[in-house]
Amino acid sequence: MEYDIVVVNGVVVTASDVAEYDIAIQGEKIALLAPKGTPLRAKKTIDAKGGYVMPGGIDAHVHLQEPPLFGKGSTADTFESGTRSAVAGGTTTIVAFAPQDKSKETLMPLFEETYAKAKDNCYGDYSFHMLVSNPTQQAISDLPALKEAGVTSVKIYMTYAALQLRDDQVLDVLLASRQNGITTMVHAENGDVLNWMTKQLEKRNLHAPKYHSNSRPQPLETEATYRAISLSSLVAEPILIVHVSSPTAAQHIRDAQTKGLPIYAETCPQYLFLTKADLDKPSFEGAKCVCAPPPREGSEDHDAIWKGLNNGTFTILSSDHCPFRYDDAVTGKKSVISPEYPVGRFQYIPNGIAGVETRLSLVLGEDRLPLQKFVEVTSTNVAKLYGLYPRKGALIPGVSDADLVIWYPKGGLAPFELKNEMLHHDVDYTPFEGRTLRQWPRYTILRGQVVWDRENGGLVGKKGYGQFVKRGESLLALKAQGEWNPEDF
Ligand code: DUC
Ligand code: ZN
């Protein structure tokens with residue numbers, strides 16, 4: 001038998017194992033796992049040279065080609081540039097958002113529009129979460145058709161004028177999701193309190209980027225997190241709290257999980273690496289790190305988030321890639337600067353930072369997670385949570401797509417400084433500029449094709465190779481179902 005590709009001499013890491021073995025790929029699938037050195041014939045041999053070989057990264061929190069929703073600007077990356085950046089950073093599948101305009105009453109046409117934007121334009125595989133801002137009966141009645149089409153998750157917001165739902169609307173969505181086997185993601189910050197805080201700061205003429213952080217202190221996130229958990233428990237809907245930044249919010253999540261509630265949580269590199277001080281850089285530079293929730297105070301907060309990743313409080317680690325250009329006065333961060341407001345107005349700065357390409361390298365290089373845990377939170381759990389497993393996030397012969405990221409061996413790459421010019425997004429900065437990196441993907445393989453080869457051409461994949469991936473029901477969230485009786489309230 002001649003395989004299409006064999007990957008030899010690697011240290012293979014999955015969510016459960018670390019071992020030296022060779023991997024054979026046939027067509028788009030993993031074909032065989034064999035002890036290292038097993039004679040295997042193949043058209044192409046990739047020598048992993050002692051590097052880690054892992055299932056391709058899956059990033060389930062990516063904003064691409066979105067209109068202004070989070071302040072003034074619109075996102076810089078298209079499906080093309082966002083997925084290009086993803087594969088260069090070892091992420092083979094992304095799940096992006098299809099945001100519903102509040103004036104719209106349906107969801108299905110939105111799915112079709114978003115699908116049309118992505119189709120034939122992506123370097124990596126992709127799916128969508130429906131972002132529900134107007135949960136009308138009609139919108140809710142679209143859920144079964146969406147599920148049939150392979151979209152099995154929705155996201156809701158407890159803040160942002162363009163998106164915020166009232167608590168009764170949150171319950172409408174949670175109940176409908178519960179009834180349809182859909183997983184709900186929740187952005188948990190108290191929008192009403194945030195608006196009040198913003199007014200207080202504005203009254204005192206405090207407009208600079210650093211006040212974005214003052215307008216969204218930890219209690220806003222903590223309260224909304226607890227409220228989201230409480231509301232979801234009324235209808236036993238499994239929820240995933242996105243981009244958790246606050247240790248106190250994480251503690252509520254941990255407590256709920258300990259009680260056996262189906263509460264899942266996500267965090268992001270910005271809550272491991274950035275701090276409030278990054279928003280206080282000279283001139284307007286702090287705007288480069290404005291995202292929501294904001295980066296927290298310092299290393300104690302970071303340590304608590306690392307701990308939550310290690311102890312399982314956080315199910316997944318995503319990027320929340322929501323890129324805005326810095327030096328762009330129309331759609332970027334600088335759109336909020338005017339002669340009247342030379343330091344801008346923090347409340348209108350587009351909230352979000354780029355990170356789809358740097359997510360894996362930043363976190364792996366820190367060496368603060370066991371290797372299996374790293375794969376679990378960046379790939380396998382993401383696949384399980386969002387209905388992609390075992391096609392994605394695993395290396396099961398005949399079943400899993402041949403999606404791999406091949407790294408350098410531990411200590412194999414001399415530490416280097418991250419620079420924006422190395423990246424493949426369409427953004428003029430990275431909030432992680434100057435960080436020391438110790439790892440970068442050597443190869444990324446998507447469904448049996450090498451799409452990133454760092455030492456021979458870099459990006460070698462083709463636009464349009466990425467495919468829409470139909471998702472099933474959440475494996476993690478499903479275990480909670482069946483324990484809810486509609487007559488219970
Ligand atoms: N937070 C961000 O930083 N960007 C996008 C949306 C969000 O909630
Ligand atoms: Zn969010």
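Give the ranking of Lys470, Lys384 by solvent-accessible surface, highest area first, calculated with a 1.4 Å probe.
Lys470, Lys384
Can you give the FRET efficiency for Asp168 and Ala19, using 1/(1 + (r/R0)^6), R0 = 56 Å, r = Cβ-Cβ distance, to the nearest 0.05?
Efficiency computed from Cβ-Cβ geometry: 0.60.
Mind giving me the FRET efficiency for Leu206 and Glu455? R0 is 41 Å, r the Cβ-Cβ distance, nearest 0.05 is fine.
0.25
What's the angle, to the nearest 10 degrees (0 to 90), between helix 247-258's Cα axis and the longest principal axis of the chain?
It is inclined by approximately 70 degrees.
Given the C-alpha atoms of the range 357-471, compute the convex hull and give its volume per residue in Å³.
Cα convex hull per residue, to the nearest whole number: 132 Å³.
What number results when the radius of gyration of the range 17-134, computed over Cα atoms, is divided by 2.2 N^0.38 Å?
The value comes to 1.42.
Mind checking the angle between helix 79-88 and the chain's longest principal axis? C-alpha axes, 0 to 90 degrees, to the nearest 10.
For 79-88 against the chain, the angle is about 50 degrees.
Which trypsin sites (Lys or Arg not before Pro) in the range 230-290 pass both tests, a DSSP loop state and at most 13 other beta-carbon atoms within 10 Å?
The qualifying sites are Lys259.
Within the range 10-90, what percent of beta bridges assigned by DSSP are antiparallel, to the nearest 5?
In the range 10-90, DSSP labels about 80 percent of beta bridges as antiparallel.
So what is the relative contact order for the range 1-145, in percent, with contacts set as C-alpha pairs under 8 Å and at least six apart?
19 percent
With θ set to phi - 60°, apply the Karplus curve 6.51 cos²θ - 1.76 cosθ + 1.60 along the range 338-348 and write out the HN-Hα couplings as whole Hz, x wherever there is a Gly or Pro.
8, x, 6, 10, x, 9, x, 10, 3, 5, 9
Could you pull out every residue, at least 5 positions away or on a different chain, whose amide H is within less than 5 Å of the one on Val186? Hs are placed 1.01 Å off N in the peptide plane, and Pro or chain starts have none.
Here Ile156, Leu240, Ile241, Val242 satisfy the definition.
In terms of the ratio Rg/(2.2 N^0.38 Å) built on C-alpha atoms, what value belongs to the range 297-402?
Relative to the rule-of-thumb radius for its length, the range 297-402 sits at 1.44.
HN-Hα J couplings of the range 316-327 from phi, Karplus 6.51/-1.76/1.60, θ = phi - 60°, integer Hz, Gly and Pro as x?
Those phi angles translate into 9, 10, 10, 8, 6, 5, 9, x, 10, 6, 7, 8 Hz.
Among the aspartates and glutamates, select those whose C-alpha is under 17 Å from the C-alpha of Lys259, and discard any that sit fewer than 8 residues away in the same chain.
By straight Cα distance, Lys259 reaches Glu237, Glu483.
Once amide H atoms are placed 1.01 Å from N in the peptide plane, what residues at a sequence separation of 5 or more from Arg325, or on another chain, have their amide H within under 5 Å of its amide H?
Counting only residues 5 or more places away or on other chains, the set is Ala76, Lys333.
Based on DSSP H runs of at least 4 residues, each adding -39500 (n - 2.57), what is the mean residue ellipticity at 222 nm of the chain after dividing by all its residues, to the nearest 500 deg cm²/dmol?
After summing the helix terms and dividing by residue count, I get -7500 deg cm²/dmol.
What is the percent of Cα-Cα separations in the chain that go past 31 Å?
For the chain, the share of Cα pairs beyond 31 Å comes to 40 percent.
What whole-number distance in Å separates the alpha-carbon centres of the range 324-353 and the range 354-401?
34 Å
What are the ³J(HN,Hα) couplings of the range 104-109, residue after residue, when phi is run through the Karplus curve with 6.51, -1.76, 1.60 and θ = phi - 60°? Round to Hz, x for glycine and proline.
Running phi through 6.51 cos²θ - 1.76 cosθ + 1.60 with θ = phi - 60° gives 9, 9, 10, 10, 4, x Hz.
Between Tyr126 and residues 5 or more places away or on another chain, which pairs have amide H atoms under 5 Å apart, with H built 1.01 Å from N, and which residues are they?
Residues meeting the amide H criterion: Ile94, Gln467, Phe468, Val469.
Would you mind counting up the charge near Ser213? Only other residues with Cβ under 13 Å from its Cβ, with Lys and Arg at +1 and Asp and Glu at -1.
Residues close to Ser213 contribute a combined charge of -1.
Fully extended, how many nm does the chain gain between Lys199 and Arg368 (0.36 nm per residue separation, minus their Cα-Cα distance)?
56.9 nm
So how tilted is helix 299-311 from the main axis of the chain? Cα-based, degrees 0 to 90, rounded to 10.
50 degrees
Using 7 Å Cα-to-Cβ label points, what is the Lys470/Asp101 separation (nm, one decimal)?
3.0 nm
The values are calculated or read from the model by the stated rules, or taken from the named source; none is laboratory data. The shown structure was predicted, so the numbers you read here are calculated from the model rather than taken from an experiment. For neighbour counting, all protein chains shown are included, and Cβ atoms are generated from backbone atoms with ideal geometry for every residue, glycine included. These accessible areas exclude ligands, DNA and RNA; they are computed on the full protein's heavy atoms, side chains included. Shrake-Rupley method; radii C 1.70, N 1.55, O 1.52, S 1.80 Å.
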